[in-house]
Every structure is written in structure tokens, then in C-alpha cells.
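Below: one structure, written as C-alpha cells.
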Amino acid sequence: MNEVILEVNNLGIDFCIEDRVIPAVDGVGFSLLKGETLGIVGESGCGKSVTALSIMRLLQMPPARISKGEILFKGENLLRKSDEEMRRIRGRDISMIFQEPMTSLNPVFTIGQQISEIFMQHQDLPKKEALSRSAEMLRMVRIPMPEKALKQYPHQLSGGMRQRVMIAMALACQPELVIADEPTTALDVTVEAQILDLIHELKDRINTAVIFISHDLGIVAEVADRVAVMYSGRIVEYGAVCTVFNEPKHPYTKGLLDAIPDIGMSRNKRLREIRGVVPYPDEIKNGCRFKTRCDYVRNKCISKEPPLLQLGTGLVRCWNCL
Amino acid sequence: MLKYIAKRIILMIPVLILMTLIVFAIFYFAPGDPVSRIAGPNVTQEVYESIQRKYGLDQPFIVQYHRFIRSVAEGDLGISILQHRPVIEMIKERLPVTLQIGLLGFVITFVIAVPAGVIAAVKKNTAFDYLCMSGTLLGIAIPTFWLGMLLLYVFAYKLRWFPISGDGSLRQLILPGFAIGLTNAAITARMVRSSMLDVLKQDYVRTARSKGLYEKAVVYRHALKNALIPIITLMGLRLGWILGGSVALEIIFSIPGLGRLMVDSILSRDFPVVQGAMMVLTSSIILANVLADILYAVVDPRIKYG
């Protein structure tokens with residue numbers, strides 16, 4: 001079971017906007033075993049979604065540009081694949097659940113049409129069979145009355161139901177890797193819990209690897225085996241989920257954990273936040289990317305960027321931890 | 001769905017009635033006396049009044065309108081003053097030609113505009129896009145009648161591929177059809193392009209790609225169906241406009257169509273004919289809009305039926 005499904009090495013993605021070259025992702029690397037769940041955490045604009053889209057090769061290029069690195073899926077570099085080869089992989093071997101269930105489904109096609117076309121495309125099933133398989137998928141994601149739902153349009157379903165449809169679409173061909181890009185961010189809390197349970201259960205059932213992207217550390221702690229914390233286009237901490245959460249090393253990870261409100265917390269105690277805002281990726285030329293917001297900043301942090309180094313069982317990018 | 005269509009058609013009736021009122025009022029209040037037109041100059045007061053009575057022109061507006069709308073409901077649009085024939089008969093002779101030109105123009109518009117707009121949007125900022133868009137700019141700037149004259153000069157006079165003057169054949173309708181089609185295609189292609197660009201940015205297009213569908217299916221199925229929704233409304237409006245706008249072309253190509261009939265009748269002050277032709281043209285514009293409404297609901301499931 002220790003087969004490596006996905007290996008991302010030294011990935012760099014630039015956005016070329018007018019004359020500026022903005023490195024949105026810089027030197028990101030991680031690997032994923034079969035059936036494993038990797039959580040990617042970070043604030044908005046830290047490069048999580050860009051990394052995910054680049055694995056699917058769905059980034060708009062231009063303005064985006066892969067500047068370096070490789071993405072190995074079952075040993076083959078996805079960045080070297082032709083568009084046609086990549087198309088065959090998408091939806092069949094790697095699929096994606098998007099953040100916005102409200103806008104991610106096509107408003108003018110029925111749910112049945114939108115799911116069944118995946119079977120027709122990748123498995124050459126005739127329409128009738130594709131539709132009955134679609135109904136099966138809807139049953140699997142626990143949509144009541146699947147046969148009826150097949151004939152419905154997205155606007156007739158609630159947000160939670162639409163996200164279930166998205167999950168059904170993503171899992172249709174039993175892919176080996178599912179990328180869930182903030183799948184519950186747009187949902188309310190009770191629906192969020194249901195969707196998380198569903199993803200967890202189905203992941204085990206079809207034994208797929210999952211990259212789970214979220215800005216919510218709590219959710220990642222629930223679903224992920226390993227976690228990568230990203231900041232300004234870089235991984236700053238990487239390790240097993242329990243290690244990262246119980247003994248966070250990087251000041252940024254510590255800050256994120258401190259910023260989670262605790263229900264037993266005294267009312268008088270102020271919730272700690274990370275001061276400042278995320279800098280633009282091209283704002284900081286040298287030194288540690290986190291130096292503008294770090295409480296432990298030293299001279300070395302300002303002049304020289306720390307490398308991602310092994311510390312215990314995980315990896316950390318901080319001079320203070322060495 | 002059937003209920004929706006029925007409702008649209010029922011809602012059309014008050015619009016049609018209002019339209020008859022406006023058309024009737026225009027001719028009632030228009031300068032020029034139809035009685036002296038019929039009777040000619042130098043008639044006695046008695047003759048004048050008897051003609052006035054014969055046509056019911058001595059009655060007040062509301063009585064005249066009532067009579068008018070009753071006969072319209074029975075399919076009677078009055079008698080031509082000049083030709084002494086029922087107006088409805090004259091319109092029946094002329095309408096098919098106008099409809100044929102309009103329909104041909106409409107089909108050409110669609111066949112050119114949709115692929116051009118879609119490809120320009122997909123290949124945004126490439127040579128094809130620039131070529132297309134400058135072409136459409138030219139198309140918008142050229143008036144239909146001038147393009148008609150140009151086509152006539154090149155293809156009928158110089159190359160002799162088509163008859164110069166109307167001979168009633170279908171071949172003769174091709175040039176005016178293109179004149180209408182090309183100018184309308186220009187505006188429509190721009191609309192298709194911008195609508196398509198908007199849709200291609202939508203999340204569901206990315207979803208369609210993430211499913212591993214062919215790029216063709218993504219563009220022509222998932223994106224185009226959405227992009228066509230605003231285009232349908234535009235085309236509905238254009239269809240009416242095309243029918244009304246063929247007046248000048250019918251004169252240039254000397255085609256005996258409805259527009260030609262209307263212009264001739266205006267020049268000879270044959271009021272019943274002008275009135276009848278105007279009613280038919282405006283009705284067709286209203287009908288085109290209702291058709292667009294219905295088509296709109298067929299394409300976009302979010303429109304509430306009922």
C-alpha cells in the first residue's frame with residue numbers, strides 16, 4: 001500500500017501580469033501515497049488553489065506559467081503530457097471538487113446530463129447505462145430520490161446537494177486522486193459536517209488519495225493524514241497531522257493554531273491573531289517570507305531565507321527551529 | 001411549459017390590440033384627407049359628404065376604430081383606394097417574398113455570426129480575433145442599402161451571377177438576403193463573442209474541463225448553450241427589424257415585397273394599404289419577440305414556467 005501516487009517536486013508557478021512576474025508558487029514539493037489524504041493549509045493567496053489547478057493542468061496559461069519543477073503522477077510527469085493525454089487523465093484518474101457549488105455546475109444542463117457525460121466520455125458507456133450509473137453515484141452521495149434528481153437542474157438543488165453532486169461527479173470514474181479545493185467553505189456548518197463525513201467515508205470505500213485544501217486548520221486536522229502549511233507560495237511546515245498540530249514548529253503554524261477560538265476560552269481573553277497581512281509574493285525579495293509578521297524575527301531572517309529542513313519527523317522552514 | 005407558451009400567446013393579444021389602436025390613430029390624425037383623395041378635386045358638397053358617409057368617415061374616432069378593429073378581427077383590412085382590391089389580398093401576394101428574404105438573411109446571420117463569434121472568443125487576441133472584429137466593425141458601419149448596391153454592382157452587373165432586376169425567382173433573393181445577413185451578422189458576432197468570453201470565465205466551464213471532456217464539448221456544448229441565452233433575445237428583436245428593414249432593399253433590388261408595397265402606397269396615399277402593411281409588419285415583430293421568449297425558456301431552465 002505504500003505506492004506513491006503523486007510526487008510534486010520543486011514546483012514553481014509565476015503569474016505574468018503586465019510587466020510584473022509574480023511567483024505565486026515557489027519550490028513547492030510533497031508526495032502522496034495511495035489512499036492517503038494530504039491537507040494543504042494557508043491563508044487566501046498563499047498558492048493553495050494554484051498548486052491544485054496546476055496538477056490538473058487547468059491553470060489559465062497565460063497569465064500563469066510553470067517556471068520549474070515536475071508533477072509526477074504514478075511516475076509520469078504531467079507537465080510533459082500533451083493536452084490530449086492530459087484530457088484523458090482528467091476526470092478518470094484525477095478529479096477535482098471545487099469550492100463554489102453554486103457556480104460550478106452548469107445551469108442549463110440537468111444533473112443527469114452532467115454526471116453521465118463523464119461515463120460516456122471515459123468509459124464509452126451508452127447514454128442509458130451512463131444515466132443508471134449516474135443514479136448509482138447520486139445514491140452513493142446520499143441524495144434522496146436519485147432518479148428524480150437526475151432530471152433536475154442545479155438551481156433546483158440546495159448548496160449542500162449541489163456539492164454532493166460535485167462529489168458524485170469527481171468520484172464517478174473512481175479516480176486515484178481527488179483534489180478537493182475548499183469543498184466546504186461555501187456551505188454552512190451543519191452541511192459542512194455532513195459533506196466532510198461523506199468525503200471521509202467515500203475516500204475509504206474507493207481507496208482514493210485526496211488532496212484537501214482548506215484555510216481551516218480544524219477541518220484539515222479531521223480529514224488529513226499529513227499536512228502542508230503554505231505561506232506566500234512556499235511550504236513552511238510539512239509533516240504528519242498530529243505532529244504539526246500538537247507540536248507546531250513554525251511561528252506561522254503556531255499563529256494559525258492560536259487564532260482558532262476555543263469554546264472554553266475566557267471571555268476576557270483576547271483571541272490572538274497574526275498581525276499584518278500576507279505580503280504579495282514579489283514584495284519580499286530576500287530573507288524569510290514571514291519576516292514582516294513574525295514575532296521571533298532575527299537578523300538572519302531578514303537577510304537570508306531559511307531552507308525547508310528536516311526537524312524530527314517533519315519539515316520546517318525557519319531559522320529559529322534549527 | 002405548455003402553460004408558459006399559452007400565457008405568452010395570450011399576453012400577446014393586448015399588445016396587438018394596442019398596436020392596432022396606435023396604427024389606426026396615426027392614420028386618423030395624419031394630415032391629408034382621404035375623402036378628397038377618393039373624390040378628387042372639384043366635387044360638390046353633397047358628393048363629398050356621401051363619400052364620407054359611405055366610408056364611415058363622418059363618424060367619431062371611437063366608432064371608426066370599433067368598426068376598424070371588428071373588420072380586422074374578421075381578416076378584412078379594407079379595400080385599396082387605387083386598385084379597388086381587398087388589401088389583405090395584396091398583402092398576401094407580397095408577404096412571401098419579404099418573408100423569404102428576411103428568413104434567408106436571418107439564417108445567413110446565424111450561420112456566420114455564431115461560429116465567428118465563438119472562434120473569436122476562443123482564440124481571443126489572435127490574428128483571427130482581430131480580423132473578425134475589424135470585419136464586424138466594417139459590417140456595422142456599412143448601411144444595408146449601400147451593401148445591397150455594392151453586391152448588386154459586383155455580383156449582378158459585373159460578374160452577372162445574379163439577375164439585376166426582379167424576375168420573381170428565388171435566385172434573385174440571394175443578394176438581398178446576403179445584404180441583410182452580413183450587416184446583421186456583424187452586430188450579432190460581436191454579441192456572441194462577448195457573451196462567450198463572459199461564459200468561458202465561469203466556474204462551470206472549468207468544471208467541464210476538469211471532467212476530461214473534449215475541448216469541443218466544453219466550448220460548443222457547455223459554454224455555447226449558456227452564451228446563446230442573451231443572443232436569442234437579440235435575434236428575436238433583429239428578426240422583426242430585418243422584416244421591417246427590408247423596405248430599402250426591396251426598392252434597390254426591385255423586388256415586389258411588402259416593404260415595396262408600403263412605400264408605393266405611401267407615395268400614392270393609398271391609406272388602407274399602408275395601414276394594412278404596417279399592421280402585418282408590426283404583428284410580425286411582436287410575434288418574433290414572443291417566439292424569442294418561448295425559445296429563451298426552452299434554453300434556460302431557470303426561467304419559471306407558468
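Rounded to the nearest Hz, the phi-derived 3J(HN,Hα) couplings of the range B:113-128 under the Karplus curve 6.51 cos²θ - 1.76 cosθ + 1.60 (θ = phi - 60°) are 5, 5, x, 4, x, 5, 5, 4, 6, 5, 9, 4, 6, 10, 4, 4, where x marks glycine and proline.
Taking every DSSP helix (H) stretch of at least 4 residues in the protein assembly as shown, weighting each as -39,500 (n - 2.57) and dividing the sum by the residue count yields a mean residue ellipticity at 222 nm of -16500 deg cm²/dmol. A probe of 1.4 angstrom, applied to the heavy atoms of all protein chains, finds A:HIS122 with accessible area near 30 square angstrom.
Computed over protein heavy atoms with a 1.4 Å probe, the carbon and sulfur contribution to the accessible area of chain B reaches 68%. Take the Cα of A:ASN2, step 7 Å toward its Cβ, do the same at B:LYS225, and the gap between the two points is 4.9 nm. Taking R0 as 30 Å, what's the FRET efficiency between A:ALA259 and A:ARG298 from their Cβ-Cβ distance, rounded to 0.05? Given R0 = 30 Å and the Cβ-Cβ separation, E is 0.85. The mean accessible area for residues of the range B:88-299, using a 1.4 Å probe and ignoring ligands and nucleic acids, is 45 Å² per residue.
Rounded to whole numbers, the Karplus 3J(HN,Hα) couplings from phi for the range A:39-47 are x, 10, 10, x, 6, 4, x, 8, x Hz, using 6.51 cos²θ - 1.76 cosθ + 1.60 with θ = phi - 60°, and x at Gly and Pro. For the range B:84-185, rounded, prolate or oblate, judged on the Cα gyration tensor with a ≥ b ≥ c (square roots of eigenvalues), a/c < 1.5 rounded, else prolate if a/b > b/c? Because a/c hits 1.5 or more and a/b exceeds b/c, the range B:84-185 counts as prolate.
So what's the net charge close to A:GLY91: Lys and Arg +1, Asp and Glu -1, counting the other residues with Cβ under 11 Å from its Cβ? Computed value for this residue: +4. Here the 3J(HN,Hα) profile of the range B:33-38, calculated from phi with Karplus coefficients 6.51, -1.76 and 1.60 at θ = phi - 60°, is 10, x, 5, 5, 5, 6 Hz, Gly and Pro shown as x.
In this Cβ point-charge picture (+1 for Lys and Arg, -1 for Asp and Glu), chain A has a dipole of about 440 debye about its Cα centre. Overall, the ratio between the Cα radius of gyration of chain A and 2.2 N^0.38 Å, rounded to two decimals, is 1.04.
Measuring how big the protein assembly as shown is from its alpha-carbon positions, Rg and Dmax come out at 34.7, 120 Å. Let me have the relative contact order for chain B, percent, based on Cα pairs under 8 Å that are six or more residues apart. For chain B, the relative contact order is 27 percent.
Here the peptides B:10-18, A:299-307, B:180-188 are ranked by packing, the mean other Cβ count within 10 Å, and the order with the highest first is B:180-188, A:299-307, B:10-18.
Counting only heavy atoms of the protein chains and using a 1.4 Å probe, A:ASP204 has close to 100 Å² of accessible surface. Shielding of peptide B:195-206 by partners, expressed as the average count of other chain Cβ atoms within 10 Å per residue Cβ, is 3. Beyond 20 Å in Cα-Cα separation lie the following of the pairs A:LYS74/A:LYS249; A:LYS127/A:LYS148; A:LYS151/B:LYS225: A:LYS74/A:LYS249. For the pair A:CYS242 and A:CYS16, what calculated FRET efficiency results from E = 1/(1 + (r/R0)^6), where r is the Cβ-Cβ distance and R0 = 60 Å, to the nearest 0.05? Efficiency, from the Cβ-Cβ distance: 0.90. A:ARG298 exposes around 110 Å² of accessible area when a 1.4 Å probe is run over every protein chain in place.
Can you check what the net charge comes to around B:PRO256, using other residues whose Cβ is under 9 Å from the Cβ of B:PRO256 (Lys, Arg +1; Asp, Glu -1)? Residues close to B:PRO256 contribute a combined charge of 0. A:LEU11 sits among other residues whose Cβ lies under 13 Å from its own Cβ, and their net charge, with Lys and Arg +1 and Asp and Glu -1, is +1. Ranking of B:LEU295, B:LEU267 by solvent-accessible surface, largest first: B:LEU267, B:LEU295 (1.4 Å probe, protein heavy atoms only, all chains present). Dipole size of chain B about its Cα centre, with +1 on Lys/Arg Cβ and -1 on Asp/Glu Cβ: approximately 1440 debye, rounded to the nearest 20. Mean per-residue shielding of peptide A:90-101 is 3, counting Cβ atoms of other chains within 10 Å of each Cβ.
Plainly put, chain B has a radius of gyration that is 1.08 times its Kirkwood radius, both from alpha-carbon atoms, as the Rg/Rh ratio. The chymotrypsin sites (Phe, Trp or Tyr not before Pro) found in the range B:86-170 that occupy coil by DSSP, while having at most 11 further C-beta atoms within 10 Å, are B:TRP161. Under the simplified labelling scheme, the B:LEU2-B:LYS216 pair shows an inter-label distance of 3.8 nm, with each label point 7 Å from Cα along Cα→Cβ. Taking label positions 7 Å along the Cα-Cβ direction at both A:GLU136 and A:ASN286, the computed distance is 6.1 nm, reported to one decimal.
The values are calculated or read from the model by the stated rules, or taken from the named source; none is laboratory data. Worth saying up front: this structure is predicted, and the values here are computed from it rather than measured. FYI the Cβ positions are ideal-geometry reconstructions off the backbone, even for glycines, and counts take in every protein chain you see. Note: areas computed on protein heavy atoms with side chains; ligands, DNA, RNA excluded. Shrake-Rupley method; radii C 1.70, N 1.55, O 1.52, S 1.80 Å.
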